[in-house]
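Single-structure report; data block below.
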Amino acid sequence: MKEESSRDILARRLVVLVAGSGLLIALVGLFAIALLRRNAERTSQAALAVIAEQAASRIGAYLAHQREMLHAVGGVVAGIPDAERRLAQIALDAPSLGRVMLLTPRTPTDQLPSRLTPPDVIAALSGREVASPLYFRDDLTPAMDVCVPVGGGRTAAVCATLDLLELQRQVQRIQIGQTGYALAFDSEGRLLAAGAGTMRAAALTGEPVAESPLASKVARGERVPNEFRGGLGEDVLAGWARLTDPRWTIVVEEPKREALAPMRTALLTLSSVAVAALLLAIALGIAQSRRALETMEIEERWRTAGRIATGISHDLGHRLAILQSTAALAEANDAAYLPLIRDNLRAEMATLKKFVADFADLSREVSTEHFVPLDLNAFAQSIGRVATPHAEKAGVEIEVKPAPEEAWVKGDRYLLERAALNLVTNAIEASPPGGQVSVEVAQQNGVATLKVVDRGPGIAPERIPRIFDAFKSTKRTGAHVGMGLPNVRRIVVAHGGDTAVESEVGKGSVFSINLPTQPKPS
Amino acid sequence: MGRASLFAVCAVIAGCRPSHEDSAFRLRVAVVGPLTSLTPTQPRSSSVYAQEWVFESLLRTAADGAPIRGLAERFEFIDASRARVALRSGARFSDGSPVTADDIRASLLDHDVEVSEERGMLTIESRSGAAVEPLLRHAPVYKRVGDGYLGSGPFRVTAQDAEHLVLDRIRRIPGKIAEVALVAFPTPRDTFARTLAGDADLTVLQDAKQSEFFNGVDRLRVVRGPGANATAVAMGLKRLSRADRKAIAATLPRDELGRLVFGDRCVTMPAAPANHDAVPTRRLDIGFLVNDLQMERMALAVVRALGPAGGDVRALPLSDVLAQLNSRDFDLLLVRPLVWPLSAAALVWATGSPYNQLAYSNPQVDAALKAGDWARALQELHEDPPVVFICTPERLAVIDSRVKNPRVGPYAYLETLPDWEISE
């Protein structure tokens with residue numbers, strides 16, 4: 001198990017930052033797409049409504065023109081002696097008027113326009129304009145029977161079977177995109193003309209289509225949706241328009257997939273470009289971050305090397321100075337100096353051995369292969385025993401306070417011992433003669449803690465935040481090269497734990513090793 | 001070895017491909033019902049459309065009107081009233097029995113002809129001396145079996161009731177129609193609407209305006225072809241003298257009438273000779289079959305063209321039209337006689353012909369027809385006109401777009417259907 005480096009953490013943060021930015025951009029993009037889509041739908045519906053209005057206007061104008069022609073005929077027919085015969089001939093020159101006839105009270109029933117009801121006939125003879133619903137003649141031409149009063153005060157009307165093939169043509173001519181079409185309905189929602197080929201059958205048979213209920217609502221002035229499942233079984237966008245006389249409805253429809261196709265293509269292109277740009281930005285961001293981190297790491301290595309060199313040169317320089325002094329004493333050939341020379345050499349040898357041991361600890365990697373279950377209570381007792389000779393030498397008492405229950409952890413026993421002894425040795429050295437160092441074990445919430453408590457002078461508050469950093473030791477005496485506490489932290493973190501320190505100047509310090517607890521081995 | 005293996009694999013793959021039998025093309029033809037039994041005699045129902053697919057005639061008609069081989073593989077006309085034909089080798093009826101001289105004799109029994117056989121050739125001779133060419137084009141060859149009839153055409157009837165007539169191709173041909181179903185609907189409107197709605201793949205159109213309904217319907221396409229029946233004004237032979245009829249024929253502006261009713265989709269017939277007689281001074285009424293809006297319009301146009309002689313326009317039920325034709329006691333009546341090919345005149349105008357509905361009789365016309373001189377027969381008809389030929393409107397049908405080479409005509413409406421090819 002390796003300690004996660006600050007570089008990895010920083011790299012991860014950078015990636016999260018870049019990815020988060022990308023996600024934010026993507027969310028904004030999605031919102032923009034939804035907005036654009038809605039806008040495109042509205043625009044399409046508005047355009048369809050305009051086309052429907054134009055179609056309704058053209059159809060209304062056509063019908064009005066036919067009626068005007070009939071009124072003109074009615075106005076002049078009064079004085080003509082063989083009016084009936086002349087009227088019949090009008091159909092030849094004005095085919096859109098269809099069959100034209102003079103309606104009088106004497107007109108035989110079987111010669112009346114086929115779709116006029118008796119009340120219609122009475123109304124027509126009393127001087128009112130009447131019109132039948134649209135119907136299809138035997139040759140399948142759409143037609144409408146219309147009667148207008150004749151001039152001259154006669155009790156008669158001119159009736160025509162208007163040929164509305166032109167209406168059908170106008171509806172059929174409306175083509176929206178590839179497959180969009182128009183439909184015309186009467187006030188009851190009966191299909192009159194259809195731009196969609198297969199729907200024309202419904203116009204002939206009178207069968208309702210999917211739009212029929214909506215069309216009758218529009219004819220009544222009610223609001224209807226502009227998006228629905230059309231008569232061809234496809235979701236459509238639609239625009240509606242209404243004629244007032246006759247009360248017909250025009251709807252212009254375009255399949256939704258087709259209406260929104262350009263918008264979809266644009267959005268797809270836009271999204272693809274945006275995603276590509278985003279991915280490129282993320283990739284570049286990550287690459288740049290890595291390069292920056294590598295640069296930082298190299299710089300940090302050089303700084304570390306500098307710190308190590310400073311520490312080593314300082315400590316070795318100090319040792320060298322002592323050895324030079326000792327050498328000078330030896331060169332004096334004074335036997336009186338021999339005890340001093342011997343003590344100096346012993347001390348310096350011990351110091352250099354400790355120095356080498358510290359570096360050896362630093363070089364040992366934490367590996368799970370070396371992990372064994374440890375009862376922290378027993379472990380603390382062992383530490384106490386090992387540290388006792390050194391404590392007694394310093395006149396300090398070691399006290400071990402185990403937890404009430406066994407506290408099992410897993411770890412490299414050798415390295416954990418090195419870490420714990422480092423803390424205990426520091427505590428002994430910080431304690432005044434006659435002082436006491438406690439090694440306490442506690443267990444709470446899945447964390448087992450080994451605390452080393454001294455009642456020494458304590459640590460200045462400003463030093464505490466960086467006390468576990470390398471080469472930050474201020475003791476700089478004996479074997480202290482400033483690598484002890486950083487090594488403790490390295491070992492503990494590699495075991496999945498952490499370290500902590502509490503201190504109060506003049507009262508002492510508490511160093512803690514926190515490790516995750518493990519189940520008791522069976 | 002490798003090539004042999006590859007060949008074997010290819011052979012297996014080819015052998016496993018779906019056969020054309022599995023993808024047999026079925027064409028549904030929408031017609032107005034009810035349907036009657038399909039017989040070689042002209043059925044008075046929409047079953048008539050299927051007649052040529054089941055019953056062949058000895059000769060068929062080319063697009064230019066010339067006779068071409070039908071059931072007869074070879075033919076020659078000794079003179080107008082005698083022809084020598086050789087039947088198609090291996091010609092068989094749908095039950096597999098061969099077509100014999102006796103079958104030809106039996107099929108033409110009602111047409112007053114003598115059929116003799118010599119060294120595999122049949123000689124067909126009209127006993128009355130009438131031209132035989134129209135007969136050989138028109139008369140179907142059949143074999144009576146019990147109450148039914150067998151034909152030698154590519155299709156045979158497999159099922160029939162008042163609403164359906166199903167025909168199956170006897171020997172299926174890849175890429176051609178395998179089955180045809182005539183589907184009858186109660187009214188022309190239903191026929192039309194159901195075709196639009198996708199319940200049929202073909203229907204005949206009665207009016208060019210109807211083709212507009214199919215604009216934008218990709219499944220179907222409108223097919224146009226020259227017509228064989230003219231729109232004509234029949235003149236009552238009992239009421240109108242030859243001079244009256246000639247004057248009327250010369251008076252009517254056929255081009256204008258044709259354009260007024262059909263636009264530019266009607267071929268005007270050859271003009272009648274100039275005539276200086278005056279049309280009758282009395283008013284001439286004109287009748288037409290009720291609900292035929294084209295004819296109604298034509299009637300109005302004729303009345304206007306006759307000026308003061310133009311009388312009332314009367315829509316008549318079919319029974320009245322037939323009664324008037326039989327009695328010849330009418331002024332003017334709009335009819336649609338067969339005018340193409342020219343030899344059809346022998347069927348329509350020869351004295352005593354079963355197709356001569358006006359009971360017209362003119363020795364000069366008969367003589368020309370017997371001589372096979374169709375142009376002279378027409379000339380003689382102009383001299384003693386029973387009708388005024390206005391124009392011949394085109395024929396239309398909407399046909400499934402998958403058919404690659406659909407045609408209407410040239411003689412019977414859908415006679416080329418067995419030859420139509422289907423796109424994959």
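The values are calculated or read from the model by the stated rules, or taken from the named source; none is laboratory data. Every value quoted in this text rests on a predicted model; they were computed, and no experiment measured them. A quick note on method: Cβ atoms are made from the backbone with ideal geometry, for glycine too, and the neighbour counts reach across all protein chains shown.
Output yes when any residue across segment A:34-41 is in a helix (DSSP H, G or I) and at pLDDT 90 or above, and no when none is. Please lay out each step first, then the result.
Here is the first cut: in segment A:34-41, the residues in a helix (DSSP H, G or I) are A:34-41.
Filter once more, keeping what is at pLDDT 90 or above: none.
No: segment A:34-41 contains no residue that is in a helix (DSSP H, G or I) and at pLDDT 90 or above.
Among the residues of segment B:293-314, write down those that are farther than 11 Å from B:Leu332 by Cα, touching a Leu at 6+ places or on another chain (Cβ under 8 Å) and facing chain A (nearest Cβ under 8 Å). Within segment B:293-314, B:Arg297, B:Leu300, B:Ala301, B:Arg304 qualify.
Taking the criterion of being over 18 Å from A:Val424 (Cα atoms), part of a helix (DSSP H, G or I) and among the β-branched types (Val, Ile, Thr), the only residue of segment A:488-509 that qualifies is A:Val493.
Does A:Gln172 meet the test of being closer than 22 Å to A:Asp245 by Cβ, at the interface with chain B (Cβ under 10 Å from one of its Cβ atoms) and assigned to a helix (DSSP H, G or I)?
The answer is no for A:Gln172.
Residues that are in contact (Cβ under 8 Å) with a residue 24 or more places away in the chain and surrounded by fewer than 17 Cβ atoms within 10 Å (Cβ to Cβ) within segment B:189-206 comprise just one, B:Asp199. If I filter segment B:232-247 for residues that are within 13 Å of another protein chain (Cβ to nearest Cβ), out of contact with any Asp or Glu (no Cβ under 8 Å at 6 or more places or on another chain) and closer than 30 Å to B:Ala62 by Cα, do I get at least one hit? So far as segment B:232-247 goes, no, none of its residues is within 13 Å of another protein chain (Cβ to nearest Cβ), out of contact with any Asp or Glu (no Cβ under 8 Å at 6 or more places or on another chain) and closer than 30 Å to B:Ala62 by Cα.
Across segment B:150-168, the qualifying residues are those that are assigned to a strand (DSSP E or B) and of a type in the set (S, T, N, Q), and the one among them that is nearest to B:Ile422 (Cα to Cα) is B:Thr158.
Among residues that are touching a residue at least 40 places away in the same chain (Cβ under 8 Å) and within 14 Å of another protein chain (Cβ to nearest Cβ), B:Met269 is not included.
Residue-by-condition table, conditions (1) surrounded by fewer than 22 Cβ atoms within 10 Å (Cβ to Cβ); (2) among the hydroxyl-bearing types (Ser, Thr, Tyr); (3) over 22 Å from B:Ala243 (Cβ atoms):
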| residue | (1), (2), (3) |
| --- | --- |
| B:Leu333 | no, no, no |
| B:Ala344 | no, no, yes |
| B:Pro354 | yes, no, yes |
| B:Asn362 | yes, no, no |
| B:Leu369 | no, no, yes |
| B:Ala375 | yes, no, yes |
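If I ask for residues that are of a type in the set (Asp, Glu) and farther than 13 Å from A:Gly458 by Cα, which ones from segment A:413-437 would you list?
Within segment A:413-437, the subset of a type in the set (Asp, Glu) is A:417, A:429.
Selection gives A:Glu417 alone.
For segment B:169-188, the criterion of being away from every other protein chain (no Cβ under 14 Å), more than 21 Å from the chain's Cα centre (by Cα), farther than 30 Å from A:Ala182 by Cβ and without any contact (Cβ under 8 Å) to a residue 24 or more places away in the chain is satisfied by at least one residue. Taking strands (runs of 3 or more DSSP E) as the structural unit, those lying wholly within segment B:169-228 and holding at least 2 residues that are touching an Asp or Glu at 6+ places or on another chain (Cβ under 9 Å) correspond to B:177-185, B:220-225. Considered as a group, the residues in segment A:179-198 that are surrounded by fewer than 23 Cβ atoms within 10 Å (Cβ to Cβ), part of a loop (DSSP other than H, G, I, E, B) and within 11 Å of chain B (Cβ to nearest Cβ) include one that is nearest to the chain's Cα centre (by Cα), and that residue is A:Thr179. Among the candidates B:Asp255, B:Asp264, B:Asp312, the residue that is of a type in the set (Asp, Glu), on the phi < 0 side of the Ramachandran plot and in a strand (DSSP E or B) is uniquely B:Asp312. The residues in segment B:92-119 that are buried (at least 17 other Cβ atoms within 10 Å of the Cβ) and closer than 13 Å to B:Glu56 by Cα can be counted, and the count is 7. Does A:Leu125 satisfy being away from chain B (no Cβ under 14 Å), at pLDDT 90 or above, crowded, with 20+ Cβ neighbours inside 10 Å and in contact with a strand residue (DSSP E or B) (Cβ under 8 Å, 6 or more places away or on another chain)? Answer is no for this residue. Of all residues in segment B:232-252, those satisfying the criterion of being in contact (Cβ under 8 Å) with a residue 60 or more places away in the chain, of a type in the set (A, V, I, L, M) and in a helix (DSSP H, G or I) are B:Ile248, B:Ala249. If you filter segment A:129-177 down to residues that are of a type in the set (D, E, K, R) and out of contact with any strand residue (DSSP E or B) (no Cβ under 8 Å at 6 or more places or on another chain), you find that the one that is nearest to A:Leu260 (Cα to Cα) is A:Arg173. Condition check for A:Ser289 on (1) surrounded by 14 or more Cβ atoms within 10 Å (Cβ to Cβ); (2) among the polar types (S, T, N, Q); (3) under 23 Å from A:Arg490 (Cβ atoms): one failure, at (3).
The residue that is surrounded by the fewest Cβ atoms within 10 Å (Cβ to Cβ), among those in segment A:133-160 that are out of contact with any helix residue (DSSP H, G or I) (no Cβ under 8 Å at 6 or more places or on another chain) and within 14 Å of another protein chain (Cβ to nearest Cβ), is A:Tyr135. Being facing another protein chain (nearest Cβ under 9 Å) and surrounded by fewer than 20 Cβ atoms within 10 Å (Cβ to Cβ) is a description that does not apply to B:Asp320.
Taking segment B:215-231 as the range and being of a type outside the set (A, V, I, L, M), on the phi < 0 side of the Ramachandran plot and within 7 Å of another protein chain (Cβ to nearest Cβ) as the test, only B:Asn215 passes.
When the residues of segment A:202-216 are filtered to those that are in a helix (DSSP H, G or I) and either in contact with a strand residue (DSSP E or B) (Cβ under 9 Å, 6 or more places away or on another chain) or polar (S, T, N, Q) (or both), the one that is surrounded by the fewest Cβ atoms within 10 Å (Cβ to Cβ) is A:Thr205.
Looking at A:Leu338, A:Leu362, A:Leu316, A:Leu329, which is the one that is closer than 30 Å to A:Leu415 by Cα, free of Cβ contacts under 8 Å to residues at least 40 places away in the same chain and either among the acidic types (Asp, Glu) or surrounded by 11 or more Cβ atoms within 10 Å (Cβ to Cβ) (or both)?
Of A:Leu338, A:Leu362, A:Leu316, A:Leu329, the one residue that is closer than 30 Å to A:Leu415 by Cα, free of Cβ contacts under 8 Å to residues at least 40 places away in the same chain and either among the acidic types (Asp, Glu) or surrounded by 11 or more Cβ atoms within 10 Å (Cβ to Cβ) (or both) is A:Leu316.
For segment B:387-413, the set of residues classified as touching a strand residue (DSSP E or B) at 6+ places or on another chain (Cβ under 7 Å) and assigned to a loop (DSSP other than H, G, I, E, B) consists of B:Glu394, B:Ser401, B:Arg402, B:Lys404, B:Asn405, B:Pro406, B:Arg407, B:Val408, B:Gly409, B:Pro410, B:Tyr411, B:Tyr413, listed by residue number.
Counting only residues that are under 18 Å from B:Gly236 (Cα atoms) and within 14 Å of another protein chain (Cβ to nearest Cβ), how many does segment B:272-292 have? Of the residues in that region, 6 qualify.
Only one of (1) in contact with a helix residue (DSSP H, G or I) (Cβ under 6 Å, 6 or more places away or on another chain); (2) within 14 Å of chain A (Cβ to nearest Cβ); (3) farther than 22 Å from A:Arg137 by Cα fails for B:Leu260. Which number is that? So B:Leu260 meets the others, but not (3).
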